[in-house]
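Notes for the one structure printed next.
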Amino acid sequence: MVYITSWDEFVERSVQLFRADPDSTRYAMKYRHSEGKLVLKVTDNIQCLKFKTDQAQDAKKMEKLNNIFFTLMARGPDADISEVTGKEQMDAQATKRGRGRKQ
């Protein structure tokens with residue numbers, strides 16, 4: 001149960017772990033406000049992958065990983081996740097208008 005220091009390696013290995021055994025793979029996250037640390041954990045009871053951060057900017061990365069896992073769980077382990085991981089979502093969100101009243 002060693003912490004992986006590279007975010008990209010953590011995401012890649014987590015997706016591989018899920019695709020190898022989707023029925024027993026779990027994804028958990030834990031935030032400790034007192035320490036300001038976020039710990040992400042992916043395990044299949046045999047192998048355990050962990051990533052720890054104290055950077056607020058990593059919250060967006062965590063949201064991206066959530067979307068990847070939601071896609072894999074909803075569409076199956078063989079689903080194409082390239083549409084989830086690209087810049088397309090960020091570009092789509094940037095073009096949305098404000099929440100004001102329509103005139």
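Only strands (runs of 3 or more DSSP E) whose full extent lies in region 5-81 are considered here, and none of them has at least 3 residues that are modelled with pLDDT under 90 and open to solvent by 50 Å² or more (accessible area, probe 1.4 Å). The residues of region 23-39 that are in contact with a Leu (Cβ under 7 Å, 6 or more places away or on another chain) and within 23 Å of ARG75 (Cβ to Cβ), listed by number, are THR25, MET29. Sub-6 Å Cβ pairs linking a first residue in region 59-73 that is more than 12 Å from GLU83 (Cβ to Cβ) to a second residue that is surrounded by fewer than 16 Cβ atoms within 10 Å (Cβ to Cβ) and among the small types (Gly, Ala, Ser), at least 6 apart or interchain, are LEU72/ALA79, ordered by first then second residue. For ARG97, the stated conditions hold: it is modelled with pLDDT under 90 and of a type in the set (Lys, Arg).
The values are calculated or read from the model by the stated rules, or taken from the named source; none is laboratory data. Quantities reported herein were computed from a predicted structural model and do not represent experimental measurements. Glycine gets a Cβ as well: all are built from the backbone with ideal geometry, and neighbour counts include every protein chain shown. Side chains are part of the model used for accessible areas, which takes the heavy atoms of the whole protein and leaves out ligands, DNA and RNA. Shrake-Rupley method; radii C 1.70, N 1.55, O 1.52, S 1.80 Å.
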